[in-house]
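Please read the structure below before turning to the comments.
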Amino acid sequence: LEKHIGTKYESLFLAIFTAVPLPLTGAYTAAILAWVFGLKRWRSFVAISIGVVIAGLIMTLGTIGVIKLF
C-alpha cells in the first residue's frame, strides 16, 4: 500500500517542488531528488518540466506586476 501511494503522488510532488520559485527548489534539485528516491526517469522529466514552466509563469507574472510576490 505504501509503495502505491508513493508512486501515485511522486510526479505531483516533483512538479510542486519545482514550481516553488525559491532557491534550491529548481530543476537540478528535483532531478537529484528523483534520482535519490529512484523515481521513473520519464515521469520525473515530465513533472520537473511542468514545474519549471509553472515557476517561470509565476516569476513572469510577478515581474510584470500581475501578481504581488511580497
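Read the figures in this text as sums done on the coordinates, not as results from a lab. Keep in mind that this is a model prediction, so the values were computed, not measured. FYI the Cβ positions are ideal-geometry reconstructions off the backbone, even for glycines, and counts take in every protein chain you see.
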Q) When ranked by the protection proxy of mean other Cβ atoms within 10 Å per residue, highest first, what sequence do the peptides 44-53, 23-32 form? A) 44-53, 23-32
Q. Using mean Cβ contacts within 10 Å as the protection proxy, how do 54-65, 9-20 order, highest first?
A. 9-20, 54-65
Q | 37 °C / 0.692 mPa s Stokes-Einstein diffusion coefficient of the chain, Kirkwood radius on C-alpha pairs, µm²/s | A | 261 µm²/s
Q) Assuming R0 = 25 Å, what is the FRET efficiency of Arg43 and Leu22, from their Cβ-Cβ distance, to the nearest 0.05? A) 0.60
Q. Are there any helices in the chain, counted as whole DSSP H runs, that stretch 15 Å or more along their axis by Cα and score at least -1.0 on average by Kyte-Doolittle, and if so which?
A. 2-19, 41-63
Q: Could you work out the relative contact order of the chain, using alpha carbon pairs under 8 angstrom and six or more residues apart, expressed as a whole percent?
A: 35 percent
